[in-house]
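Worksheet for the structure shown next.
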Amino acid sequence: MKIRYVHNEALLIVAAEMRGKIDQNSKSMTVRVSRSDDLNSLDPTDLKILLELIRDPRIQIGELSDTLGIARNTAQSRVRRMQRSGLLHDGGREIDLEAVGYDVVAFVTIEVNHRELDGVVGALRLIAQVLEVHEISGRGDVWCRVVATDTHNLQAALRSILRIKGVIRTETVLALHTHIQYRTEPLISRLAQGSSLTPARSK
């Protein structure tokens, strides 16, 4: 079953059916990062720190230094450096939103008047239920992830999006089940082991 909503000549398609849920020597590798002048490169120790923080975001500096066998001051200064650079940030991805009632996840593709794009992005930033926003190629101009407590709450969020100046139309689909959660451990593990980012070709 699908429910169709027509609002301001925009067609919203919402599927109503839902379903809840780095060892290697220090000379071997350096990963270039261009986020800021404060962080020009990542060495193997940085990668090991990142990997531990991914595995346990709440790990204490003392535990981190003990686990990696590095000085506490070294661990602390490197974590702070990566935070200043923007490589580490409090994005809140480790929070279980279902536990606080937001168990509906929707993906919204938005067609936008290009002259109003900056304004649309600014307005989307003010909607708390919008978790992320990407400017995209192909069909539509902007893609965002939206969460809601139920379909009525989702409809209210979609109407808020449609009221934004410059939004022409939206297309929305519901996530029925999450098979792979957002993850970075496999990628950072590969970097930490000195492997290429490019997957090996099958023979």
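Within segment 132-150, identify whether any single residue is among the aromatic types (Phe, Trp, Tyr) and over 30 Å from THR45 (Cβ atoms), and answer yes or no.
Yes, segment 132-150 has at least one match.
Looking at (1) more than 17 Å from the chain's Cα centre (by Cα); (2) loosely packed, with under 13 Cβ neighbours inside 10 Å; (3) modelled with pLDDT under 95, which is the only condition GLY86 fails?
Answer for GLY86: the failing condition is (1).
With the condition kept exactly as written, say whether any residue in segment 88-95 is among the β-branched types (Val, Ile, Thr), out of contact with any strand residue (DSSP E or B) (no Cβ under 8 Å at 6 or more places or on another chain) and under 29 Å from GLN60 (Cα atoms).
Looking through segment 88-95, at least one residue is among the β-branched types (Val, Ile, Thr), out of contact with any strand residue (DSSP E or B) (no Cβ under 8 Å at 6 or more places or on another chain) and under 29 Å from GLN60 (Cα atoms).
If we keep just the residues of segment 120-145 that are part of a helix (DSSP H, G or I) and touching a strand residue (DSSP E or B) at 6+ places or on another chain (Cβ under 9 Å), which is surrounded by the most Cβ atoms within 10 Å (Cβ to Cβ)?
VAL120
Could you go through segment 160-173 and let me know if any residue there is under 20 Å from the mean Cα position of the chain (by Cα) and surrounded by fewer than 16 Cβ atoms within 10 Å (Cβ to Cβ).
Checking segment 160-173: at least one residue is under 20 Å from the mean Cα position of the chain (by Cα) and surrounded by fewer than 16 Cβ atoms within 10 Å (Cβ to Cβ).
List pairs: first in segment 166-178 and on the phi < 0 side of the Ramachandran plot, second among the charged types (D, E, K, R) and modelled with pLDDT under 95, Cβ under 6 Å, 6+ apart or cross-chain?
Between residues of segment 166-178 that are on the phi < 0 side of the Ramachandran plot and residues that are among the charged types (D, E, K, R) and modelled with pLDDT under 95, the close pairs are LEU176/ARG19; HIS177/ARG19; THR178/LYS21.
With respect to LEU176, is the statement that it is of a type in the set (A, V, I, L, M), touching a Lys or Arg at 6+ places or on another chain (Cβ under 6 Å) and surrounded by fewer than 16 Cβ atoms within 10 Å (Cβ to Cβ) true?
Judged against the criteria, LEU176 is a match.
Residues of segment 146-167 being farther than 24 Å from ALA99 by Cβ and assigned to a loop (DSSP other than H, G, I, E, B), which ones?
ARG163, ILE164, LYS165, GLY166
Please find, within segment 95-119, the residue that is nearest to ARG159 (Cα to Cα) out of those that are among the charged types (D, E, K, R) and in a loop (DSSP other than H, G, I, E, B).
Ranking the candidates gives ASP103 first.
The values are calculated or read from the model by the stated rules, or taken from the named source; none is laboratory data. If you're wondering where the values come from, they're calculated on a predicted model, not measured in any experiment. Here Cβ is always computed from backbone atoms with ideal geometry, including for glycine, and neighbour counts include all displayed protein chains.
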